[in-house]
Amino acid sequence: MALEVIVTEPTQPTDLPPLLFVHGAWHGAWCWTEHFTGYFADRGYTSYAIDLRGHGASPGNLRTARIAHYVADVRRVAVELSAPPILIGHSMGGLIVQQYLARYRARAGVLMAPVPRTGAIGATWRVVTSHPLAFLRANATLSLGPIVDDPDRAISLLFGPKMGRDAAIHYAAMLQDESYLAYLEMILELPHPSRVKDPVLVLGAGEDAVFSPAEVEATARAYRTEAIMFPGMGHDMMLEPDWSDPADAMATWLARLPLDS
């Protein structure tokens with residue numbers, strides 16, 4: 001199965017490690033190419049943004065896709081790169097990166113608004129209480145699409161108060177269905193921080209309606225670090241008007257990584 005991978009290269013070659021971006025539920029590589037891959041190309045990094053199977057331009061059956069399949073997709077791309085990559089995962093992609101790092105070595109991992117170490121049970125409860133009918137439809141159809149098929153609902157879950165209406169509607173229209181099996185595993189297949197040996201950075205959003213700041217901070221503690229939080233930002237940090245704030249924090253952290261990490 002050939003996966004879609006969007007490559008963004010710097011104008012001049014460098015010795016910096018490659019960046020491999022992993023999107024979350026309902027998204028695709030597009031969420032990274034909007035801002036982040038160009039930002040890091042300007043700083044000398046070659047970026048690879050993957051469409052996981054069944055997402056974007058990548059083939060695959062979402063009905064049968066599981067987190068382990070997504071981890072395998074990331075592994076398939078990572079082993080073809082010139083050096084061990086730095087993995088950047090958002091939301092469900094953050095869980096995929098955590099599961100990857102528990103099994104394989106990488107240069108480092110960056111978790112942006114990730115599925116917490118306790119799983120997605122808290123996020124599930126927030127959706128149940130705020131959007132009960134959409135949650136019922138998701139379970140009736142065994143599909144996560146109904147959670148975000150209404151633009152206003154998607155906007156309330158994914159974006160903070162600073163997000164302009166036109167931009168939010170534009171991004172909401174790009175969302176797609178997601179695997180129900182993968183959702184169940186976000187509850188049942190918890191991360192294993194004790195197995196991770198590579199450096200980890202955790203970034204969180206102060207107005208995240210999916211994973212709370214407390215959950216993000218607890219995840220950071222599990223990796224023996226402290227989360228960097230961004231007040232006023234929503235769940236989709238990489239698409240928010242202030243997206244450069246987490247990008248700057250990530251760039252600063254990457255620059256401080258030891259050469260032999």
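Every number here is computed from the coordinates shown, using simple stated rules; none is lab data. Given the structure is predicted, the values throughout are model-derived calculations rather than measurements. Backbone-built Cβ (ideal geometry, glycine too); neighbour counts: all protein chains shown.
Data for the structure
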| item | result |
| --- | --- |
| Positive-end extreme of charge dipole, the chain - chosen from G38, A108, A251 (charges on Cβ) | A108 |
| Of G234, M186, L203, farthest towards positive along the dipole that unit charges on Lys, Arg, Asp, Glu beta carbons give the stretch 160-261 | L203 |
| Neighbour-limited loop hits for chymotrypsin sites (Phe, Trp or Tyr not before Pro), the stretch 117-198 (at most 13 other Cβ within 10 Å; DSSP other than H, G, I, E, B) | none |
| Fewest-first ranking of M92, M237, M163, using other Cβ atoms within 10 Å as the exposure measure | M163, M237, M92 |
| Loop-resident sites, the stretch 178-261, for trypsin sites (Lys or Arg not before Pro), counting at most 14 other Cβ within 10 Å (DSSP) | K197, R224, R256 |
| Of the trypsin sites (Lys or Arg not before Pro) in the stretch 48-77, those whose Cβ has at most 14 other Cβ within 10 Å and which sit in DSSP loop | R66 |
| Net dipole in debye of the stretch 188-261 [+1 Lys, Arg Cβ; -1 Asp, Glu Cβ; about Cα centre; nearest 20] | 460 debye |
| Cα principal axis extents for the chain, largest first, Å | 51, 38, 34 |
| Estimated dipole of the chain in Debye, rounded to 20 [Cβ of Lys and Arg +1, of Asp and Glu -1, Cα centre] | 880 debye |
